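Here is the structure we will look at, set down as structure tokens.
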Amino acid sequence: LQGHDTFARPTLLVDWIELEGPIHPAWPPASHRKVLFESPREKDETAYAREVLTRFMTRAYRRPVQPAEVDSKLALFTKLRPTKPTFVEAIKVPLAAVLASPHFLYLVEPDASAAASRKLTPYEVAARLSYFLWSSMPDDTLAKLAAKGELAKPGVLDAQVDRMLADPKSD
């Protein structure tokens, strides 16, 4: 029987399979609503996609994002949108690209070749503090203080360290 596969194999018979979950008390779950928030721009998909990407990238990169960075991810959305059945399916691709970016995966260090040392930006301070104490990205409180430039004010950094150490995440 040349050309025929004669190796005996066991037969698998599946009588029943049932998958359940994830079960959420409300749909969409809070994690979904945090990324795809309500906005007056929802009717204009491109404007809404830009708003979603800007917020998501700012949080993921732990710093303000440049318009060109958002534009590159928006271009990916715009290219894929006609081929995807829904906005959600189309926005998943640039969101995944953000999560694969070195800006999300790593704490980007200042250029070591620079001759003079420099102070860390408030965003860099917030990220380093948070990863040191919590092994996680800055929470909303720390991110807001960094955005306002208040981490450098007397007592603010100390108060944040005390707050973070009191949190169970520091365990």
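How tilted is helix 45-61 with respect to the longest principal axis of the chain? Cα atoms for both, answer in degrees (0 to 90, nearest 10).
70
Mind giving me the FRET efficiency for Glu20 and Glu89? R0 is 30 Å, r the Cβ-Cβ distance, nearest 0.05 is fine.
0.80
Sorted from largest down, what three extents in whole angstroms do the Cα atoms of segment 19-171 have along their principal axes?
50, 43, 31 Å, listed from the longest principal axis down.
Using alpha carbons only, how many degrees (0 to 90, rounded to 10) separate the axis of helix 156-166 from the longest principal axis of the chain?
Compared with the principal axis, the helix lies near 40 degrees.
Order Ser170, Ser31, Ser101, most accessible first, counting only protein heavy atoms with a 1.4 angstrom probe.
Ser31, Ser170, Ser101
For segment 50-171, what number of Lys pairs, 8 or more residues apart or on separate chains, have alpha-carbon atoms under 15 Å from each other?
Value for segment 50-171: 5.
Top to bottom by accessible area (1.4 Å), largest first, where do Tyr48, Tyr131 land?
Tyr131, Tyr48
If a paramagnetic tag sat 7 Å from the Cα of Lys119 along the Cα-Cβ line, which residues of segment 48-74 would have the backbone N under 14 Å from that point?
Taking a point 7 Å out along Cα→Cβ of Lys119, no residue of segment 48-74 has its backbone N under 14 Å.
How about segment 18-120: which trypsin sites (Lys or Arg not before Pro) there are in a DSSP loop, with at most 11 other Cβ atoms within 10 Å of their Cβ?
Sparse-neighbourhood loop trypsin sites (Lys or Arg not before Pro): Arg118, Lys119.
Once you place label points 7 Å from the Cα toward the Cβ at Trp27 and Asp158, how far apart are they in nm?
A separation of 5.2 nm, rounded to one decimal place.
Of Asp139, Asp111, which has the most accessible area and how do the rest follow, probe 1.4 Å?
Largest accessible area first, the residues go Asp111, Asp139.
By how many degrees, between 0 and 90 and to the nearest 10, does the Cα long axis of helix 122-134 differ from the longest principal axis of the chain?
Value to nearest ten degrees: 60.
Tell me, in nm to one decimal, what length is gained between Tyr106 and Asp71 on full extension, where the rule is 0.36 nm per residue of separation less the Cα-Cα distance?
Full extension of this stretch gives 10.5 nm more.
The values are calculated or read from the model by the stated rules, or taken from the named source; none is laboratory data. Just so you know, these numbers come straight off a predicted model, no measurement behind them. Note: ideal-geometry Cβ built from the backbone for every residue, glycine included; neighbour counts use all protein chains shown. Accessible surface areas use protein heavy atoms only, side chains included; no ligands, DNA or RNA. Shrake-Rupley method; radii C 1.70, N 1.55, O 1.52, S 1.80 Å.
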